[in-house]
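The values are calculated or read from the model by the stated rules, or taken from the named source; none is laboratory data. Just so it is clear, the model here is predicted, and its values are computed rather than measured. Don't worry about glycine lacking a Cβ; one is built from the backbone with ideal geometry, like all the others, and counts go over all protein chains shown. To get the accessible areas, we keep the full protein, side chains included, count just its heavy atoms, and leave off ligands, DNA and RNA. Shrake-Rupley method; radii C 1.70, N 1.55, O 1.52, S 1.80 Å.
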Amino acid sequence: MKVILASATYSTFITFNRRFLGLGYVHAYCLDDPQIAAECEIRHDFYETMHADLRDIAQRIAADEPDVVAFACYVWNTPDILKICAHLKALAPQVATVLGGPEVSYHYVRILEANPAVDFIVVGEGEDTFRELIQHKLNGTPELAAINGLTFRDASGKATANPPRVFQGDLDRFPS
């Protein structure tokens, strides 16, 4: 299975291309699982949104033929990410799109309902939730309804928000 972790934002003369730290933690934690490490190709890519056409970014992502694309959402990049997801779904409807980050961790049901191109929203800390989602994509377990911190569409298309994850105070349990 191919997974792309997408840092989609802009760079300026005072900032460089940012690969978001949260996605780095998610990446390292997924690769800490032996099955995921053996059966998944996980890549963390940067997409420049200021000087690029968002359709072109979606085409680049689709050309890589990923199974899952996950975006880190912040106040400054979420509008562009939602457009990229819409373009991506038009090109490759089979790709599972996942949003996470602070901008989507509060109004997740509303965001999912308003954006049919988004398949999943990881709410709050994403390491465990995203890893369990990838495990689900690989084996069908755990069931989506058992993944705390995940919002998704059920079989009828209704937005379903699972209970939140317990806050992890000990960050040393996560590889980096």
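Just a few scattered comments:
- Residues being modelled with pLDDT under 95, surrounded by 11 or more Cβ atoms within 10 Å (Cβ to Cβ) and of a type in the set (A, V, I, L, M, F, W, C) - total across segment 156-167: 1
- Filtered residue count, segment 105-155, keeping only those that are hydroxyl-bearing (Ser, Thr, Tyr) and open to solvent by less than 50 Å² (accessible area, probe 1.4 Å): 3
- Some residue of segment 134-145 being over 20 Å from residue 159 (Cβ atoms), touching a Cys at 6+ places or on another chain (Cβ under 7 Å) and of a type outside the set (Asp, Glu): yes
- Filtered by the rule that a residue be in contact with a His (Cβ under 6 Å, 6 or more places away or on another chain) and open to solvent by 80 Å² or more (accessible area, probe 1.4 Å), segment 36-55 gives a lone residue, 55.
- Segment 127-146, residues that are out of contact with any strand residue (DSSP E or B) (no Cβ under 9 Å at 6 or more places or on another chain) and either over 22 Å from residue 72 (Cα atoms) or hydrophobic (A, V, I, L, M, F, W, C) (or both): 138, 139, 140, 141, 142, 143, 146
- Residues satisfying the stated conditions in segment 39-76, i.e. in a loop (DSSP other than H, G, I, E, B), more than 22 Å from residue 129 (Cα to Cα), of a type outside the set (Ser, Thr, Tyr) and at pLDDT below 95: 50, 51, 52, 53, 76
- Candidates 67, 33 - the one that is surrounded by 13 or more Cβ atoms within 10 Å (Cβ to Cβ), within 20 Å of residue 121 (Cβ to Cβ) and either more than 13 Å from the chain's Cα centre (by Cα) or not aliphatic (A, V, I, L, M) (or both): 67
- Sub-9 Å Cβ pairs linking a first residue in segment 86-99 that is closer than 18 Å to residue 129 by Cα and in contact (Cβ under 8 Å) with a residue 40 or more places away in the chain to a second residue that is open to solvent by 10 Å² or more (accessible area, probe 1.4 Å) and assigned to a strand (DSSP E or B), at least 6 apart or interchain, are 96/120, ordered by first then second residue.
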